[in-house]
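Structure first, commentary second.
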Amino acid sequence: MLGKLFKNIVGSKNERELRKLAPTVTRINELEPQFKGLSDTQLRGKTGEFKERIAKKGESLDDILPEAYAAVREASVRVLGMRHFDVQLLGGIALHHGKIAEMKTGEGKTLAATLPLYLNALLEHGCHLVTVNDYLAKRDAEWMGGIYRLLGMTVGVILHDMDDQKRKTAYSSDITYGTNNEFGFDYLRDNMKFSLEDCVQRDLHFGIVDEVDSILIDESRTPLIISGPIEHSEDIHYATLKPLIVKLKEHQDRVIRSILNRAEARMREAKDDDKAIELLLLVKRGDPKNPRFLDIIAKEPGLKKSIDRMESFLSSQKSLHGLDEELYCIIEEQDRSASWTDKGLRLLSGDQRDAFVVPDLSQRLQEIDTDHRLNYREKKKMKRELEVQYSETSERMHAAQQLIKSYWLFGKDVDYVVKDGQVIIVDEFTGRLMPGRRWSDGLHQAIEAKEGVNVAEENQTLATITFQNYFRMYEKLAGMTGTADTEAPEFKKIYDLDVLVIPTHKKMIRDDYPDVIYKTEREKFKAVVQEIIGLHTKGQPALVGTISIEKSERLNKMLKKQGIKHQVLNAKNHEREAEIITMAGQNGTVTISTNMAGRGTDIVLGNGVPDLGGLHVLGTERHESRRIDNQLRGRSGRQGDQGSSRFYLSLEDDLMRVFGSERIASVMDRLGMEEDQPIEHQIISRAIEGAQKRVEGINFNIRKNLLEYDDVMNQQRKVIYSQRREILKGDHLKETIMDMIDELVESAVSDTIDPNIFPEEWNLGPLSDHMYNVFGLLVQFSKAEIKNLTQESLIDQLKHKVLDLYEKKEKESDPQSFHFLQKIAMLQAVDELWMDHLLGMDQLKEGVGLRGYGQMDPLKEYQKEGYNMFISMVERIKENSLRTFFRIRIAPQEQPSISVPKKEMVLSRGGNGGRSPVKRKAPKIGRNDPCPCGSGKKYKHCCGR
Ligand code: ADP
Ligand code: MG
């Protein structure tokens, strides 16, 4: 009721917005005859004219909009024979306003986007059109390219296998098409470059994200990562812990079997015996995917409800803990987490009591600090040991948790497949195999250990960003998709993007039948196959959506058995996928597709097909997210086509099992169910929607959480990247170095010299060590000189001495080399320490997670400690820059020759490892390279010490 009312309010707001745009559409239409009368050359001349009016007369893009859109429309008619529909003009205006235009599949979003892209490109800062895959980027750039070229604009495309030269050309075009991954990785890579000329991207000005929900929501849970191999890692833990976890599983399985026996015995006596429910709850907590358990639940629809109720009751009583005592570990399927009980801990630790308990770091550090029996050196040593112990233990605990998850929650051939000694992820949204992509956070290694394949080495993050933070950098961002409305609050909250629903060109006449629901999955698939046979015989094309490869395969086999010719879409090749999709509307075609495969290609109906009812879409399961279901439906009924859709569900579907509300079970109970008899009921459809909304909420929180953590890094990344750009520009290198010298000298003196005691009693040792270490400066004062020193004058004198060294260096080298030396010294320090910092932040994130169950808010801890780490990194950047600068000597007239070791970099999503390696093309002194100072020693034993 309220929902409907609310929708009316929202609906009318949308309509008001649309009405506001109507006069502009009318204006564009009025201009049409005038633009028709122009020759091609005159039409092209408009671009120059518009630019001039903006530059000279101060007109805004909004002033120019009607004419610019009229020009694009006319160009499109001439080049492509397509005239933008009025609704496409509306969409185009919404995009220009930085909104998300919801336009249904097949409404022509590709063409609509040309309008704002052209308009905004008049400012000459470049515009980006972001697509979901390379195939679409290329297709759309070529398809729409003619329009831009006729208007005298350039268009470029970024593809995965392009080199930097080509990328740079594409980015300098007026309009650039490319995928989210390429845009994001180029940004990260640019910020690792060693000269401005090597950077490929310009500033991020205007971006339109196509299939915006897919990119900004589905894909945003996994950040972009550039990584390289590291030396220290926890890889060894996986192999060594595996036998322990196997043992844990054996023990737990035995317990679970006995609990199940007891539960069944109890249930034979009385069905809703509280003790039986308690026992089943225990199974759910200890092995949520246990087949026998699932069987029991499926047979008794009301049971799940009772178990869940028992769980929330015990949890509110804080007595879950007591119940769990019988188990070794607890698996929370909903949030994919694992932990062990005291019993489990005893089994895991054996005779090493502290192997799985982290020491309380802050308390122990404080104890050491305040222990007066220890001297400075001893304290330092003990702190170091404590840190080592802490990090080793937390690595071990983390590895154990990941192993547990891999055994209990990740199924071979469901969540991943093992092929050629590799663990390959099956994408949970598209059902595609994702070779090269790795689960992050050690989970992938854990599964590799479980499957007995080679555990790949963990890579260190060299640069990382989430899509959220990448796209938020655009001065203006817009998006388009067929399905945005359900996610409107998230778009608003995270990206500050409003959604405007654009009406369809022709009325939508697709019939969406209510869901039917079966008791078991087997019955459901039987019914689906029957339905397909019926359609096939009739000649009506069918598109069958599944939520995983496994289900696709199952249908594939069933249809083969029946001799029904069909196509299966889980190809890794977008081009081939698009081809199959375009054929899906032909007479008698049966296409099985995982939900989002082949997005961006529309299905055109074949001859006579409309009379048969158009394309029929069969969903074989509901997805966690309503939006994904809507996408599947949206494949049918494009541009006023005939069409229909229906979803088939069963009580055994994951969504029902894990998140199904109590209502579904009780309704099913009430209505009663018989073999092969489906139930079709409004209440059920509503209950399912309720379950989906709940999961959407959970997933939103996961994404929000990721973002909150990334926001901490984002601030730091902005600072570092902008500093880095300043250095690359190289305008103020000398001032920067001077400032660094001042600050370093000041803090070195104030850290070591106590102004309240007589200078004669100063211990100058540590200070002079430091000065020598950084600047190569020998601090020597005669007794008489020391007597007259103050802290101030000491600082002054040291600064002067360092300045002398600087000037001497400057005189000895030619300006160009000198400039280069300053630049490289700073860049190297920034990069090296920033990457160390990234690693440190990763470990911190893990660490605060482990400390999480204390009283502290892990995010707050992360922010606080992250900030402290950042500040201390900045200090070290100064010191390291200066040390490198003062230690490297360059002979006059000679370019400092700094050798360039090739460091492998790996680009990946949400984890480490994988895709095409990219070589680092930057001067970096390898630790084992000969030192550039010419000493003949290795760099690490000489200046790089
Ligand atoms: P969407 O991205 O919105 O799903 P597309 O951009 O792929 O849709 O376009 C779908 C189809 O509609 C394409 O085949 C395209 O040629 C056609 N189309 C789009 N706009 C027009 C138009 N103004 N006139 C004629 N055909 C159009
Ligand atoms: Mg499209």
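Relative to the Cα centre, what is the charge dipole magnitude of the chain, using +1 at the beta carbon of each Lys and Arg, -1 at the beta carbon of each Asp and Glu, and rounding to the nearest 20 debye?
1600
For the range 70-99 and the range 580-624, compute the distance between their C-alpha centroids and round to whole Å.
If you average the Cα positions of each part, the centres end up 27 Å apart.
Given the Cα-Cα distance of Arg268 and Ser793 and 0.36 nm per residue of separation, how much length would full extension add, in nm?
Extending this stretch completely gives an extra 179.9 nm.
Distance in nm between label sites at Asp413 and Glu325, each 7 Å beyond Cα in the beta-carbon direction?
The answer from the label model is 4.1 nm.
For the pair Asp511 and Gln42, how long in nm is the line joining their label points, each one 7 Å along Cα→Cβ?
5.3
In percent, what relative contact order does the range 560-647 have, based on Cα pairs under 8 Å that are 6 or more apart in sequence?
Taking the mean separation of contacting Cα pairs over the length of the range 560-647, I get 25 percent.
With the full set of protein chains in place, find how many percent of the accessible area of the chain is carbon and sulfur; take the probe as 1.4 Å.
Answer for the chain: carbon and sulfur cover 50 percent of the accessible area.
Report the label-to-label distance for Ser315 and Glu387 in nanometres (one decimal), using points 7 Å from each Cα along the Cα→Cβ vector.
With each label placed 7 Å out from Cα toward Cβ, I get 3.8 nm.
If R0 is 45 Å, what FRET efficiency do you get for Ser258 and Asp711 from their C-beta distance, rounded to 0.05?
0.40
Taking R0 as 35 Å, what FRET efficiency do you get between Glu785 and Asp742 from their Cβ-Cβ distance, rounded to the nearest 0.05?
0.95
Dipole size in debye (nearest 20) for the range 32-116 around its Cα centre, Lys and Arg Cβ +1, Asp and Glu Cβ -1?
Approximately 180 debye in magnitude.
How many times 2.2 N^0.38 Å is the alpha carbon radius of gyration of the range 212-332?
1.45
In what order, largest first, do Glu746, Glu311 sit by accessible area if the probe radius is 1.4 Å?
In descending accessible area the options line up as Glu746, Glu311.
Using unit Cβ charges (K, R positive; D, E negative) and no other charged atoms, how large, in debye to the nearest 20, is the dipole of the range 405-506 about its Cα centre?
180
Would you please classify the overall shape of the range 367-423 from the alpha carbon gyration tensor, given that a ≥ b ≥ c denote the square roots of the eigenvalues, rounded means a/c under 1.5, and beyond that prolate means a/b larger than b/c while oblate covers the rest?
prolate
Can you give the relative contact order of the chain as a percent, counting alpha carbon pairs under 8 Å and 6+ residues apart?
Worked out over the chain, it gives 13 percent.
Rounded, prolate or oblate for the chain? Axes are the square roots of the Cα gyration tensor eigenvalues, ordered a ≥ b ≥ c, and the cut-off for rounded is a/c under 1.5.
oblate
Per DSSP helix of 4 or more residues, -39500 (n - 2.57); summed, then divided by the residues of the chain. What does that give at 222 nm, rounded to the nearest 500?
The per-residue figure over the chain is -18500 deg cm²/dmol.
How much length, in nm to one decimal, is gained on full extension between Asp295 and Asn607, taken as 0.36 nm per residue of separation minus their Cα-Cα distance?
Taking 0.36 nm per residue and subtracting the Cα distance, the gain is 107.6 nm.
For the range 355-507, what class follows from the C-alpha gyration tensor (a ≥ b ≥ c being the square roots of its eigenvalues): rounded when a/c is under 1.5, otherwise prolate if a/b is larger than b/c, else oblate?
oblate
Ordered by residue, what ³J(HN,Hα) values in Hz, to whole numbers, does the range 84-94 give under the Karplus form 6.51 cos²θ - 1.76 cosθ + 1.60, where θ = phi - 60° and Gly and Pro are x?
3, 5, 4, 5, 5, 4, 4, x, x, 6, 4
With r as the distance between the Cβ atoms of Asn699 and Arg554 and R0 = 25 Å, compute the FRET efficiency 1/(1 + (r/R0)^6) and round to 0.05.
0.45
Count the DSSP beta bridges whose two residues both fall in the chain, then state the antiparallel fraction as a percent rounded to the nearest 5.
Among the beta bridges of the chain, antiparallel pairing accounts for roughly 35 percent.
If you count only protein heavy atoms with a 1.4 Å probe, what accessible area per residue comes out for the range 694-752, rounded to a whole Å²?
47
The values are calculated or read from the model by the stated rules, or taken from the named source; none is laboratory data. Source: prediction; values computed, not measured. All Cβ positions, even for glycine, are placed from backbone atoms using ideal geometry, and neighbour counts span all protein chains on display. Quick note on the areas: whole protein, heavy atoms, side chains included, nothing else; ligands and nucleic acids left out. Shrake-Rupley method; radii C 1.70, N 1.55, O 1.52, S 1.80 Å.
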